[in-house]
Amino acid sequence: MESSKQNNHLEPVLKLRRIASSRLRVDRMLLTVAETAELLRVSKATVFVTIRSGRLKSVKIGARRLVPLDAVRAFLDELSQEENL
């Protein structure tokens with residue numbers, strides 16, 4: 001059971017890899033806010049709050065707010081580092 005708890009923080013990273021290699025294709029570099037929320041298992045509102053706080057980088061193209069895959073990876077790395085402090 002404890003091993004399962006320890007690997008819990010890796011779930012978003014593993015899901016990111018599965019999504020990048022399947023449904024979204026590797027060459028898709030930008031995620032919508034909804035896709036980012038699904039990936040991180042949070043609400044769209046939480047993604048917007050995290051973007052506004054500066055912890056999750058995003059770009060705006062026209063009226064759309066998009067999140068680079070690399071920004072999601074960096075955010076998850078940051079969370080992992082905070083957890084290990």
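The protection proxy used here, the mean number of other Cβ atoms lying within 10 Å of each residue, ranks peptides 40-46, 29-35, 57-63 as follows, highest first: 29-35, 40-46, 57-63.
Summing charges over neighbours of Asn84, with a neighbour being any other residue whose Cβ is under 13 Å away from its Cβ, gives -4 when K and R count +1 and D and E count -1. Once both labels are positioned 7 Å from their Cα atoms along Cα-to-Cβ, the gap between Arg65 and Leu79 label points is 1.7 nm. For the pair Ser53 and Ala34, the difference between a 0.36 nm per residue extended length and the Cα-Cα distance amounts to 5.1 nm.
Read-outs: derived from the displayed coordinates by stated rules, not from any lab. What you are looking at is a predicted structure, and each value in this text was computed from that prediction instead of being measured. Methodologically, a virtual Cβ is constructed for each residue, glycine included, from the backbone with ideal geometry; neighbour enumeration extends over all protein chains shown.
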